[in-house]
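Inspection log for the structure reproduced underneath, given as structure tokens.
The values are calculated or read from the model by the stated rules, or taken from the named source; none is laboratory data. Bear in mind that the values here come from a model prediction, so they are computed numbers and not experimental data. Note that each Cβ is placed from the backbone with ideal geometry, even for glycine, and that neighbours are counted across all protein chains shown. Note: areas computed on protein heavy atoms with side chains; ligands, DNA, RNA excluded. Shrake-Rupley method; radii C 1.70, N 1.55, O 1.52, S 1.80 Å.
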Amino acid sequence: MPPQPPAPLRIAITCYPSVGGSGILASALGLHLAARGHEIHFISYERPVRLPPPPQLPPRIHFHPVDVNDYQLFKYPDYTLPLSVTMAQVAQEHHLDILHVHYAVPHATAALLARGILNGHPKPRIITTLHGTDTTLLARDPAYAPAIRYALRASDALTAVSHFLAHETHDALNVDRPIDVIHNFFAPTPPARPRDLVRQDLGLADHQPLLVHLSNLRPIKRIDILLAAAALLPRDIPWKLLILAGDSFAPFLPEVRRLNLTDRLLIRERVPFVEEFLNAADLALFASDSESFCLSILEAMCFALPSVATKVGGIPEVTLHNQTALLVPPHDPAALAAAATELLRDPARRAALGQAAQQRAAQFSPEVIVPHYESLYHRVLST
């Protein structure tokens, strides 16, 4: 008699719901787990990015909003305690097997408190996935580091989205336990509009090169260096740079004007689905100081776009220099501009790198990556 497949699991996922790699990954993970038969409960203060609204929620997907009250007693609204109470309520009501939290602060700390609240009730296992900020920023803050270290040690399992981040976490937080490296994944949805129509709406001519940058605009993304590099691109090529901004781009507009880039930039803010814009582009451009993975590069790869990016953090685990991208040192606008110019002037090489990038992207598909999470869940539940 053939072995029976493991029973479906009841999993809660908590993440920051805003536009960013962690929210996108967490949303996609829940959707793919539900499609594989698991019961998924999202818990957050807002519906996570790319999660459909309730009427369109797929089967086995549930969203539980966290109510955050702004009591005058508190100088700042508290999120961790209401989050922990909601986690405990959902865990008790739905008999959760797993609390899968993305980021240690505040999500893993809230999950640990929720498990304490469940005194006398079955307690779900806690999986904490690290995306970067816990390690690369907050670990160096004495006001946060002890809480992060405790949350990581008390979780039932830890994952990181790159080998770089796992090593950084061991070093920065003195975490003396295994960290499973499970890379990000991306499965593009079919673009809502064809390439020609999107380019027409952007005001582009048929063969006008379109560079694209997509990020949440946090300081680590170094938009200042991105703009400085754009200012060095050749003016004899009629390129345009499309910035898909996860937040308001207004703070950068004075620098755009100072660099005389107003006629070269196209800005779209808070775009939840980027596929049609990536399908319309020719080359991606990134100037980050550090990246744990850089999901945006993988998104571009899926549409046969090579990237010109800084060789930092986990980026070399995603894309390969001279094979699927051109990688340059950080903090160097001239190097970024020179590499982008090289590909703008050589469409054949640009296309070859893009095709190789699209082939490599298959290594980061949900069909490859999601089973690693399932295996981890069952491993933790069996111990």
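Some observations on this one:
- Number of positions in the range 317-330 that are surrounded by fewer than 18 Cβ atoms within 10 Å (Cβ to Cβ) and within 18 Å of Q358 (Cβ to Cβ): 4
- Test: residue in the range 65-77 that is aromatic (F, W, Y) and modelled with pLDDT of 90 or more: no
- The range 189-199, residues that are surrounded by fewer than 15 Cβ atoms within 10 Å (Cβ to Cβ) and part of a loop (DSSP other than H, G, I, E, B): T189, P190, A192, P194
- Options A187, A172, A160; residue that is modelled with pLDDT of 95 or more and closer than 30 Å to A110 by Cβ: A160
- Of the residues making up the range 230-250, those that are open to solvent by 80 Å² or more (accessible area, probe 1.4 Å) and either touching a residue at least 24 places away in the same chain (Cβ under 8 Å) or of a type in the set (F, W, Y) (or both) number 1.
- A count restricted to the range 75-128 and to residues that are in contact (Cβ under 8 Å) with a residue 60 or more places away in the chain and either crowded, with 24+ Cβ neighbours inside 10 Å or among the aliphatic types (A, V, I, L, M) (or both) stands at 15.
- Subset of the range 252-309 (residues that are in contact (Cβ under 8 Å) with a residue 24 or more places away in the chain, over 12 Å from L210 (Cα atoms) and among the charged types (D, E, K, R)): E255, R268, E269, R270, E275, E276, D289, E291, E299
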